[in-house]
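The values are calculated or read from the model by the stated rules, or taken from the named source; none is laboratory data. Nothing here was measured: the structure is a model prediction, and the numbers come from that model. So basically every Cβ, Gly included, is an ideal-geometry build from the backbone, and we count neighbours across all protein chains shown.
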Amino acid sequence: MQTNLRGRDLIGTQDWSKEELQTALEVAAQLKRERALGIPHPLLRDRVLAMLFFFSSTRTRGSFESGMAQLGGHAEFIESRTTQIAHGDTPKEIGEILGRYNDGIAIRHVTWGEGNKYINDVAAASRVPVLNMQCDLFHPFQVLADLFTIQEKLGDPRGKTLTVSWAYASSYQKPMSAPIDLTLLATRFGMNVRLVHPPEFKLVPELVDQARENARRSGGSLELMDDFDAGFKGSDVIYAKSWGPLLVAKDDAEGTEITGRYKDWITNGRRMALASPDALFMHPLPADRNIEVTDEVIDGPHSVVYDEAENRLHVQKAVMALTMR
Ligand code: CP
């Protein structure tokens, strides 16, 4: 099958077929090899990506900006505090106007109940591809980098156990977009996914149902659990991060109170020892160190968090090269 992704949006991994996602992963591997060999790949010379940020970022901003430069183009940083994007400019105007200035529009908008709708509204008005740099529901570039990392470290992901778990954090009510999108993606690629969380931290039910259907089609599985230790037992990949109780808390104060009931949900050496001896520890970062995960684990031999962060660069370059040509 010929895969032509020119002009396509990427808002959630479920938008693309498995073959299209596999193509992106293969191109990412090629670009990663070429960069290691010092082979330039100016596939997007003179192309410009507008990057709209309604929320802060380190990895996403840095990797998209470096990625566009490495592809011979330019990335334009537009953030909500110093521009009109958070007030006055409607999503339709953003899609129409920035679509005329640029060859792609990338957006981070994580506000619960708003971000995904905003990105879809921009996409509906845009003549150029719209790329989701994280919304309230999906974080496609993070989870593509996660799957790429799992394939690099463990080979064929089919039949491997991936524990996607909630963890306690005190910093803020983090979005649930990475665990949702990773659960959707890993079940499509035949992994046995354990989704582990306290009862108040359910993910969006329709998307969990979609992941169950993905697993049925791929020969993988999806198991819902509420016992943190049990989630580690014999697992090949531990992906434990915090998210807010966004489906049940009416405000931040209630979310903080509910979150505070589970301060013992920390990934530590004792828990990692329950996993497979060669298990990977993954986290999209930033992590609340010694609250979500101990230094011993995140800096230890199981951790692949820096390779995971690096792979953001390679998968994003692949998707930009495929969609913005
Ligand atoms: N993982 C991730 O998206 O990191 P940033 O929030 O720093 O972009």
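Quick grid of which residues meet (1) more than 27 Å from Glu152 (Cβ to Cβ); (2) surrounded by 16 or more Cβ atoms within 10 Å (Cβ to Cβ):
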site	(1), (2)
Asp252	yes, no
Asp264	yes, no
Gly269	no, no
Thr294	no, yes
Asp307	no, no
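Are there helices (runs of 4 or more DSSP H) fully within region 242-325 with at least 3 residues that are among the aromatic types (Phe, Trp, Tyr)? List them.
none
What pairs come out if I take residues in region 33-59 that are under 21 Å from Asp103 (Cβ atoms) and pair them with residues that are assigned to a helix (DSSP H, G or I) and within 16 Å of the ligand (Cβ to nearest atom) whose C-beta lies under 6 Å away, six or more apart or interchain?
Qualifying pairs under 6 Å: Leu49/Met68; Met51/Phe64.
Rundown of residues vs (1) crowded, with 22+ Cβ neighbours inside 10 Å; (2) more than 30 Å from Val48 (Cα to Cα); (3) of a type outside the set (A, V, I, L, M, F, W, C), yes/no style:
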site	(1), (2), (3)
Asn132	yes, no, yes
Ala145	yes, no, no
Arg158	no, yes, yes
Thr163	yes, yes, yes
Leu185	yes, no, no
Val196	yes, yes, no
Val208	no, yes, no
Val237	yes, yes, no
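Just one of Gln173, Gln151 is at negative phi, surrounded by fewer than 24 Cβ atoms within 10 Å (Cβ to Cβ) and assigned to a helix (DSSP H, G or I); which is it?
So the residue among Gln173, Gln151 that is at negative phi, surrounded by fewer than 24 Cβ atoms within 10 Å (Cβ to Cβ) and assigned to a helix (DSSP H, G or I) is Gln151.
When you go through Leu184, Leu162, Leu195 one by one, which is the residue that is away from the ligand (no atom under 16 Å from the Cβ), part of a strand (DSSP E or B) and touching a residue at least 60 places away in the same chain (Cβ under 8 Å)?
Testing whether each residue is away from the ligand (no atom under 16 Å from the Cβ), part of a strand (DSSP E or B) and touching a residue at least 60 places away in the same chain (Cβ under 8 Å) leaves just Leu162.
Quick check, is Ser177 within 16 Å of the ligand (Cβ to nearest atom), at pLDDT below 95 and in the same structural domain as Ser221 (by TED's automatic domain parsing)?
When the stated conditions are applied, Ser177 does not pass them.
Let me confirm something: among Asp295, Asp278, Asp288, Asp252, which residue is within 30 Å of Ser63 (Cβ to Cβ) and at pLDDT below 95?
Asp252 is the lone residue from the list that is within 30 Å of Ser63 (Cβ to Cβ) and at pLDDT below 95.
Just to be sure before I move on: is His302 surrounded by 15 or more Cβ atoms within 10 Å (Cβ to Cβ) and closer than 18 Å to Lys174 by Cβ in the structure I sent?
No: the conditions fail for His302.
Quick one: what pairs do we get from region 225-249, first residue on the phi > 0 side of the Ramachandran plot, second at pLDDT 95 or above, C-beta under 6 Å, 6+ apart or different chains?
Gly234/Ser276
Out of the residues in region 64-119 that are touching a Phe, Trp or Tyr at 6+ places or on another chain (Cβ under 6 Å) and in a loop (DSSP other than H, G, I, E, B), state the one that is modelled with the lowest pLDDT.
By that ranking, first place goes to Ser80.
Does Gln84 count as within 22 Å of Leu144 (Cα to Cα) and over 21 Å from the mean Cα position of the chain (by Cα)?
No; evaluated as a whole, the condition is false for this residue.
Check off (1) surrounded by fewer than 14 Cβ atoms within 10 Å (Cβ to Cβ); (2) within 16 Å of the ligand (Cβ to nearest atom); (3) part of a helix (DSSP H, G or I); (4) of a type outside the set (Asp, Glu) for Ser56 and give me the number that stays unchecked.
The one condition Ser56 does not meet is (3).
If I go through region 1-42 residue by residue, how many of them are modelled with pLDDT of 95 or more, surrounded by fewer than 16 Cβ atoms within 10 Å (Cβ to Cβ), of a type in the set (A, V, I, L, M) and farther than 15 Å from Leu313 by Cβ?
Matching residues across region 1-42 total 2.
Could you tell me whether region 83-90 includes any residue that is out of contact with any Cys (no Cβ under 7 Å at 6 or more places or on another chain) and touching a residue at least 40 places away in the same chain (Cβ under 8 Å)?
no
For the condition more than 16 Å from the ligand (Cβ to nearest atom) and hydrophobic (A, V, I, L, M, F, W, C), what is the one hit in Ile78, Ile107, Ile85, Ile11?
Going through Ile78, Ile107, Ile85, Ile11 in turn, the sole match is Ile85.
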